[in-house]
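Readers should treat all values here as calculations from the given coordinates under stated rules, not as data from a laboratory. Only a predicted model underlies this, so the values are computations on that prediction, with no experimental measurement involved. Cβ: placed from backbone, ideal geometry, glycine included. Neighbour counts: every protein chain shown.
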Amino acid sequence: MKIPNHVAIILDGNGRWAKSKGMPRNYGHIQGAKNLEVIIEEAHNIGIRYLTVYAFSTENWSRPKEEVDALMKLLRNYMKTCLKTASKNRMSVRVIGDKSALDEDIQKRIEELERATKDYEGIHLQIAINYGGRDEIKRSVQKIAKKVADGILKVEDISEKLISNELDTCQIPDPDLLIRTCNELRISNFLLWQLAYAELYFTEVAWPDFTKDELKKALEAYHTRKRKFGAIEEE
Ligand code: IPE
Ligand code: IPE
Ligand code: MG
């Protein structure tokens, strides 16, 4: 089977999943975080090289304070768990997004995790926290504009490759497959630049119910896709 090199996931539906069980939204987030562990391990076993997951968007700050606090607490704990699972799966971890807005202790844990795992070659996990595709592009434009203003770079030198290299995902190949759970058919500001030619897969299953078998279904769908990049198909 054709395995995508890079899978990106918008893990959506934690809140609705919890509500359907008469439980608070945060219960859904807790189960969602547990499920992430299962899916990372399975992705690694299947041979997916890069996995990027959307954990908290730049827009998610507009949720009620209690929910934002609960999500930050989960992320804080997740960084610790991740440090353990990373050595098991020989997984390198990178956090993408604007980390400067996060609490200092979370930033510290992220740095620790990234440093401890940077040489692992098993699977490369990117966690998007305080991430927005537009914000990422804005920050990259600011970095490039500063280089031009400082005389380090000429306007004519600005290429697609140079822009890619200024994004949080620099050196990471673009996703081949985007999965979004829980029946929402949009991108919600995720990896706007990088998803240019990704295959899209949407499922009605909410993230906490997205099992290993659901991942396999997504990969089977990907396998049947004929990828095109704008050229004419060869017979
Ligand atoms: C996804 O689940 C997790 C985050 C966005 C943090 P949601 O919290 O968006 O769940 P729904 O979409 O409201 O059900
Ligand atoms: C996208 O989900 C963000 C994450 C999964 C972290 P949302 O639930 O926040 O997106 P919308 O509001 O449905 O577009
Ligand atoms: Mg949602």
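Points to keep in mind about this one:
- Kirkwood hydrodynamic radius over Cα pairs of the chain, then Stokes diffusion coefficient at 10 °C and 1.306 mPa s, in µm²/s: 85
- For Lys146, a cut-off of 16 angstrom between C-alpha atoms picks up these aspartates and glutamates, skipping any fewer than 8 places away in its own chain: Glu136, Glu156, Asp157, Glu166.
- The label-point distance for Trp193 and Lys108, in a model that sets each label 7 Å from Cα toward Cβ, rounds to 3.2 nm.
- Extension gain from Lys80 to Arg63, taking 0.36 nm per residue of separation minus the Cα-Cα distance: 3.7 nm
- Hull volume in cubic angstrom per residue (convex hull over the Cα atoms of region 135-213): 107
- Descending semi-axes in whole angstrom, ellipsoid equivalent of region 177-235, from the Cα gyration tensor: 23, 16, 8
- Tensor-based shape of region 1-70 (alpha-carbon gyration tensor, a/c under 1.5 rounded, otherwise prolate or oblate): prolate
- Nearby aspartates and glutamates by direct alpha-carbon distance to Lys217 (threshold 20 angstrom, same-chain neighbours under 8 apart not counted): Asp12, Glu37, Glu41, Glu42, Asp176, Glu184, Glu199, Glu204, Asp209
- At the listed q of 0.21 Å⁻¹, the Debye profile of region 25-141, built from one uniform point per Cα, gives log10 I(q)/I(0) equal to -1.27.
- Whole-Å distance, taken between Cα centres, linking region 30-56 and region 82-145: 15
- Taking 0.36 nm per residue of separation and subtracting the current Cα-Cα distance, fully stretching the chain between Arg115 and Ala145 would add 7.9 nm.
- Descending semi-axes in Å of region 84-140, equivalent ellipsoid built from Cα gyration tensor: 22, 14, 8
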